[in-house]
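Single-structure report; data block below.
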Amino acid sequence: MSEQQRLSPGDTAPDFSLTSDTGEEVSLADLRGRKVIVYFYPAAMTPGCTKQACDFTDSLDSLRAAGFEVLGISPDKPEKLAKFRERDGLTITLLSDPDKSVMTSYAAFGEKKLYGKLVQGVIRSTFVVDEDGKIEIAQYNVKATGHVAKLRRDLALD
C-alpha cells in the first residue's frame with residue numbers, strides 16, 4: 001500500500017472544497033491572502049476532538065486578530081458537525097471529508113498505532129498554510145490536549 005508523502009514546510013498545500021457544518025462550500029483557494037490553520041481530527045463529539053475544537057474556539061478571536069482562519073476537518077457528515085458545533089458552542093469552521101480524499105492528500109489518513117495495534121485511520125494533524133497557499137507548519141500525530149497552546153507558541157502568538 002502506498003503511503004502518501006507527508007507534507008513539509010514550503011510545499012504547496014493541496015487545494016480542496018468541502019461542505020461545512022452549515023452546508024456551505026468552503027474552498028482553501030478562497031482564503032488566499034490569509035493564513036489558514038487546517039487541522040484534521042478523527043471524530044466529532046469524542047473527548048479528545050471536543051477538547052481540541054473547544055481550545056481552537058477559545059483561541060479563535062486572538063487567532064483571527066493575528067490573521068488566521070481555522071478549518072477543522074473530519075470524516076463526519078455535515079449534520080453531525082452541526083450537532084457538534086451546537087453542543088459545544090464551537091465558532092471554528094467544521095468541514096466534512098466523508099471520502100477522506102483531502103485527508104489523504106495531506107497524508108493525514110493512513111496507518112497509525114491505536115492501543116498498540118496498527119490500524120488505518122485519521123492521523124490527528126495540523127497545518128498552517130500561508131497567504132500564498134504554501135505549508136508553513138506541518139505537524140503530524142499531535143496531541144488533542146494542549147495542542148492549541150503549543151501551536152500558539154510555535155506561531156509566536158503568546
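Please name which of V70, V148, T93 has its Cα lying farthest along the dipole of the chain towards the positive end, using unit charges on Cβ (Lys, Arg +1; Asp, Glu -1) and the Cα centre as origin. Most positive-ward Cα: V148. Taking GluC sites (Glu not before Pro) as candidate sites, keep only those in a DSSP loop with at most 15 other Cβ atoms within 10 Å, then name the longest stretch of the chain containing none of them. No qualifying site falls inside 25-130, the longest such stretch.
Dividing the convex hull volume of the alpha carbon atoms of region 17-154 by its residue count, what do you get in Å³ per residue?
Working: hull volume 14.0 nm³, N = 138.
Hull volume normalised by residue count: 101 Å³.
Spacing of the modelled spin labels on I137 and D88, each 7 Å from Cα toward Cβ, amounts to 1.9 nm. Dipole size of the chain about its Cα centre, with +1 on Lys/Arg Cβ and -1 on Asp/Glu Cβ: approximately 680 debye, rounded to the nearest 20.
For region 17-154, the relative contact order is 30 percent, taking Cα pairs closer than 8 Å that sit 6 or more residues apart in sequence and dividing their mean separation by the residue count. The label point for D61 and the one for R6, both projected 7 Å from the Cα toward the Cβ, are 3.6 nm apart. The simple spin-label model puts a point 7 Å past each Cα toward its Cβ; for T145 and T104 those points are separated by 3.4 nm. For region 17-154, the share of DSSP beta bridges that are antiparallel, to the nearest 5, is 65%. Per residue, the chain reaches -8000 deg cm²/dmol at 222 nm when only DSSP H runs of four or more residues are counted, each adding -39500 (n - 2.57). Take the Cβ atoms of D154 and K77, set R0 to 22 Å, and the FRET efficiency comes out at 0.10.
Bear in mind these aren't lab numbers, they're just calculated from the coordinates by the rules spelled out. Note that the coordinates shown come from a computational prediction; the quantities given were computed from them, not determined experimentally. Cβ: placed from backbone, ideal geometry, glycine included. Neighbour counts: every protein chain shown.
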